[in-house]
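Data block below; observations after.
The values are calculated or read from the model by the stated rules, or taken from the named source; none is laboratory data. As the structure is a computational prediction, the values presented were derived from the model and not from experiment. Reconstructed Cβ throughout: ideal geometry from the backbone, glycine too, with neighbour counts over all protein chains shown.
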Amino acid sequence: MSEENGMSRRVMLVKLGILLNAIVGAVLAVPIVRFLFSPVTREKKFGYESWLSLGGLEQFPAGQTRLATYRNPVVNSWDGETADIACWVRNVDNQTFQVFAINCAHLGCPVRWFPQSSLFMCPCHGGAYYQDGSRASGPPERGLFQYNHKIEDGRIFIKAGEMPTPGRAANTKPRGTRCA
Amino acid sequence: MRLVQKIGEWFDLRLQLGASIRETARHPVPRETASWFYVFGSAALTCFMLQIVTGILLALIYVPSAGEAWNSLQTLNHGISLGWFIRALHGWGSNFMVAIVLIHMVQVFLFGAYKFPRELTWVVGVLLLLVTLGMAFTGQIMRFDQDAYWGLGIGASIVSRVPVIGPWAVNLMLGGPIIAGATLSRFFALHVFVIPGLLIVFVCVHLLMVLKLGINEWPMPGRIVRRATYMQEYRELTHKQGIPFVPSAVWKDIVFSGFVLLAIAACAVYFGPFGPGGQPDPTIIQTAPRPDFFFLWLYALLSFLPPSAETPILLIGPAIGIIVLLALPFFAGEGEKSWRRRPIAVLTILLIAVALGTMTHLGQHTPWSPVMDAWSSEPIPSQYVHGRTALERQGALVFQAKQCHNCHSLDDRGGERGPALDSVALRLTEDQLIRQVIQGGGNMPAYGKNLSPAETTALVGFLKTLRPATQVPARDASRAVALGETATDR
């Protein structure tokens, strides 16, 4: 075998070796990518949301808006208190309820309810909302996020489990009821 | 001494590094670069090394778990001997590092160091700025308190606005549906493994290029950079009149780095560690989240952008900024280096500095946010109720009870979201006051549904008294004519 032939065989072996590594790399990439994207793919498979009880209706008197908390349905033991989520429950007339996310529709800061002036105010950038959740002033582009809710056996349930954000409001009505 | 020398030789025979280290240390640099203006790059590297050491020390105790992180920070602050000091060093070290990286960047820009053949050094420098800011942001999340929690919320809200993939990007960023254990874990991985790894790689490439291409010479007005001749000119500058880097230039780097470390330690001792603030419990809503110092300008910007322009500016603005920075050496790779002959460069720096400074200042006292407790903690100044009628005083009560004070200041106390009302009666007539209160507008909520007619009457009665005694109130001339009154009647 000539010198040149020997070289070209070794070059080919190097190339084969690289090819083998490339194939193994591609095969390994599949589980790695699936692992990395599991927070996204899980949503499609099981969904993050479920119906949760906020407690008996007696905690939410008619005409008032009260803070309620729930434990997030998808939870790990090391989540600690971060899995406790707050929301605002408005009992309009014992028939009609509204459940607002705590997160401002601007950038997610916790809005506070001021019963005296019937406004929600955000401490971050000064967003304000009327009692029905519609936008009153400030930088938010829309009203407060609302959870779907139902009343069963004297308890109020909401469909929750995912942090509402401006770009993702699938579980939330796009707007509160009309402006006050 | 002989023994030390022998040991040194034993190692060098095996490592074969001595010659190249000596060569690197003694490589000639242009005489004028042994300057106090050239010390910021090495100082940034010194800060980074301090961050690595203190970061490892903190990792001995810190628990990157959403349920335990806050408690482990408390233990660091209070339970472990000098744990507070290590935290303070790490926190102040990060502030100094960002500041020095920015100063370094400004110096490099004004001295034209990004021009041929150092374009790639600048590009890697921009990447270093980005990863440094990435360290600052993820580090703020390691301090897992209320600010970190809601800061993540702000981050998620911004990410969610990316068209099409926004909702998935949020899940990916948070590691799940909400800010929780998985979120802290992945930001810990970023802060401790991924970004420092990138930082080390970029620093190595950056330094290698500085050594191989040589430090940028002191810019002289009129000495023009041309691709054809620059390498030759630089070689002459270094080899004919250059000085060895060690010790002629390096002593200033060493002295300055020492002062920086001393300053960090002094700040750490005097001011102590940063937080942690309140527990990261999202059901505690009595909180006003603030980002760390270097992101305050962004926080301010977010409150001033008009709602309709916010999403495009938030998503496209940073991309444009980064592209401009990366592209700079490619459209300004030749020409004048001296800042004395580059007025637009100087003006750009001044403009950016003034803008960032103003935004940061505003971010510190947040005039756009209602003062949430002003209605119950800031009384109406006595001169505004003294000698008023019962109706007007009742109006002052309405003013407090309906939280007007949260957004409107009286005598410089209260919110600044809306205009100060000390002289509102000079600007608005009674009818205009009623309309403004009931219908709102100009960024004020409408109070029509929340005020009874009696309350509105009382409130407007009070507002009408808010003017300097020596000046006449606003009046509606047409109304006066229509009612057959003279101006002095009102």
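A few points about this structure:
- Options A:G161, A:G63, A:G133: the member that is touching a Phe, Trp or Tyr at 6+ places or on another chain (Cβ under 6 Å) and more than 8 Å from chain B (Cβ to nearest Cβ): A:G133
- Here is the figure for region B:251-291: residues that are in contact with a Lys or Arg (Cβ under 9 Å, 6 or more places away or on another chain), more than 14 Å from chain A (Cβ to nearest Cβ) and crowded, with 17+ Cβ neighbours inside 10 Å total 4.
- Among the residues here, B:A458 does not qualify as of a type in the set (A, V, I, L, M, F, W, C), in a helix (DSSP H, G or I) and over 21 Å from B:Q394 (Cα atoms).
- Any helices (runs of 4 or more DSSP H) falling wholly within region B:158-269 and containing at least 2 residues that are more than 30 Å from B:L305 (Cβ to Cβ): B:181-189, B:195-213, B:230-241
- When B:N171 is tested against (1) touching a Pro at 6+ places or on another chain (Cβ under 9 Å); (2) surrounded by fewer than 20 Cβ atoms within 10 Å (Cβ to Cβ), exactly one condition is not met: (2).
- Residues of region B:140-173 that turn out to be of a type in the set (V, I, T), facing another protein chain (nearest Cβ under 9 Å) and under 16 Å from A:T82 (Cα atoms), as a count: 1
- Just one residue in the set B:E23, B:E68 is farther than 24 Å from B:L129 by Cβ, assigned by TED's automatic domain parsing to the domain that holds B:M142 and without any contact (Cβ under 8 Å) to a residue 24 or more places away in the chain; that residue is B:E68.
- Exactly one residue out of B:R475, B:R479 is closer than 22 Å to B:Y384 by Cβ and modelled with pLDDT under 85, and it is B:R475.
- Count of region B:174-195 residues, restricted to those that are within 22 Å of the chain's Cα centre (by Cα) and facing chain A (nearest Cβ under 9 Å), is 1.
- Consider region B:373-406 and keep the residues that are of a type in the set (S, T, Y) and in a helix (DSSP H, G or I). The one that is nearest to the other protein chains (Cβ to nearest Cβ) is B:S376.
- B:K402 vs. criteria outside the structural domain of B:Y114 (by TED's automatic domain parsing), surrounded by 14 or more Cβ atoms within 10 Å (Cβ to Cβ) and not hydroxyl-bearing (S, T, Y): yes
- Filter result (crowded, with 16+ Cβ neighbours inside 10 Å and without any contact (Cβ under 8 Å) to a residue 40 or more places away in the chain) within region B:405-429: B:H405, B:N406, B:C407, B:H408, B:S409, B:G418, B:A420
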